[in-house]
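Encoded as structure tokens, the structure appears first; notes follow it.
Just so it is clear, none of the values below were taken in a lab; they were calculated from the coordinates. Just so you know, these numbers come straight off a predicted model, no measurement behind them. Note that each Cβ is placed from the backbone with ideal geometry, even for glycine, and that neighbours are counted across all protein chains shown.
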Amino acid sequence: MASKRKRLTLKEKIDILEFRTSNTMGVRALADKFSVSKTQIADIIANKDALYKTWAENGEEKRKWTKLQKTETSIINNEVLNWFSKLREKNLPVSGPMLQEKICGEAASVDEEAVDNWKAKIPEIIANYAECDIFNADETGLFYRVLPDKTMAFKNEICTGGKISKERLTVLLCTNMLGEFERPLVIGKAKRPRAFKKLDINNFPVNWFWNKKAWMTTEIMTEWLMKFDNRMGQNKRKVLLFLDNAAPHPHLKMKNIELVFFPPNMTSHCQPLDQGVIHQFKKLYRTQLLRKAVADLDANSSQPINIMDAIYWVSSSTKNIQPETVKKCFLRSGFRHRDNNVTDVDDLLTPIEELGNLIKVIDNTITENDYITLDDCVETYDADIENSSDTTSMSTQNEEESDEENDGSEDQEIPKIRSLREALLAVKDIRTYISSIEVQNSSLFSNTIQLENALTYEITTPAISKQTKMTMYSDNDNAMVWKLSL
């Protein structure tokens, strides 16, 4: 039998990739369809990122992209081409499904009438719910330990594989119209990274999930939704939850949560978290990251940032997002509620002057916005989720402590503090030291006192409940008094 192998032009290879995007076909079927060998098809799929890059960088770009995008206006062509070029400058992957979603998104951005029609419907949808019972949830990718001086180095890496992929987490944020956040959900690549050694995951300030790609999956999202639904039921609450149409988001019927999905291709205009909440979250997160980095520089020493650091920074960043920021983002998305007294949607984001100063200490050639938005385009789920076999099950992955290289915690020492009482003594020493020096931050001393009081409470409360027994009795005057029986 004659070999099917033939020389393919770049355009023919791109045509194969685009056909595969819109048609669920295996390698053999594609080989038969295009009359080439299975090896050629496999090579094309394996090198799709490089092919798309070459397609954009060589020849008459606009002519090629007009056909590739199948859009009707030159405005969309230019917008998508600029978007593609920015991603490829950072060497972030651009898959066929991702490209299609962007093309549709840009097309929808031109259809302002459809966006306005949807926003006009929102007040009616939310009319029977209080602001505290109207939620929005969304995922974002997070390069959890990237410093400004490493930003441009990402040009030479691909985030879905290799070194850079190990720097990424997926974070799900969920908030109501009042700016009250649910506990963040964080997805990593290992069940128990080395930084988790001897720690109880149930005590973490986030919900930790994992799979080999650190992607959101239908299984993870379903479990999170069911727990959210149970919690709302325990509090006797009926709530609305707005979601986008991402592949892992299941269309479930629940007892206490009604799911409302944004229309396709409108989330950049209609989803509150996309109006500035996620951006503010990343500003706060990277401010904490750089505080540590600059402190290490000042001390001429460095302790690698690990996933445990990231978890606490994710939690505190979420808590520090101002409620007014969230309220304005909901309002800008069309969520006009009878109880909402916010009218000014300008200045959605709270400035963080400290962040810009910290960036300059490490690399003054990187802008604040470039650093904050570095991972905005990172995929958080498998667009071909129905055909995925390595992200859908948490229980079938490697369950050892970590399968990640250099996760930043393998050389950490065992903590020197072994008990709450030892921690309390250490904080008292810190308080004494702070009292003896001049500090620029006036809240430093009060925060130390607050921590000291919290530790004292944790120590004394269990001791009282275990060692004392309260009995109530009536004296001769029928007055009620309390008696402690040790």
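A few notes on this one:
- Label point distance in nm, Arg192-Tyr312, each placed 7 Å from Cα along Cα→Cβ: 2.1 nm
- Near Phe281: Cβ cut-off under 13 Å, other residues only, Lys/Arg at +1 and Asp/Glu at -1. The net charge is -1.
- Applying Stokes-Einstein at 25 °C and 0.890 mPa s to the Kirkwood radius of region 166-272, computed over alpha-carbon pairs, gives a translational diffusion coefficient of 160 µm² s⁻¹.
- Segment Ile449..Arg336, full-extension length gain: 36.5 nm, with 0.36 nm per residue of separation and the alpha-carbon distance subtracted.
- Projected label distance in nm at Asn203 and Asp429, using a 7 Å step from Cα toward the beta-carbon: 2.1 nm
- Placing dummy labels 7 Å off each Cα toward the beta-carbon, the span from Ser301 to Asp32 is 6.6 nm.
- For region 285-337, projected area of the alpha-carbon convex hull averaged over all directions, nm²: 4.8 nm²
- Subset of Lys119/Lys238; Lys197/Lys253; Lys212/Lys283; Lys121/Lys255; Lys212/Lys236 violating a 30 Å alpha-carbon distance limit: Lys197/Lys253; Lys212/Lys236
- Length gained when the stretch Met254-Glu112 is fully extended (0.36 nm per residue, less Cα-Cα span): 47.8 nm
- A cut-off of 5 Å between modelled amide H atoms, ignoring neighbours fewer than 5 places along the same chain, links Trp210 with Gly188.
- Loop sites in region 246-341: trypsin sites (Lys or Arg not before Pro), DSSP, at most 12 other Cβ within 10 Å: Lys253, Lys255, Arg338
- In terms of its C-alpha gyration tensor, region 236-293 has a prolate overall shape, because the principal axis ratio a/c (a ≥ b ≥ c, square roots of the eigenvalues) is not below 1.5 and a/b outweighs b/c.
- Backbone HN-Hα couplings from phi across region 314-324 [Karplus 6.51/-1.76/1.60, Hz, Gly and Pro as x]: 4, 4, 5, 5, 4, 5, 8, 6, 5, x, 4
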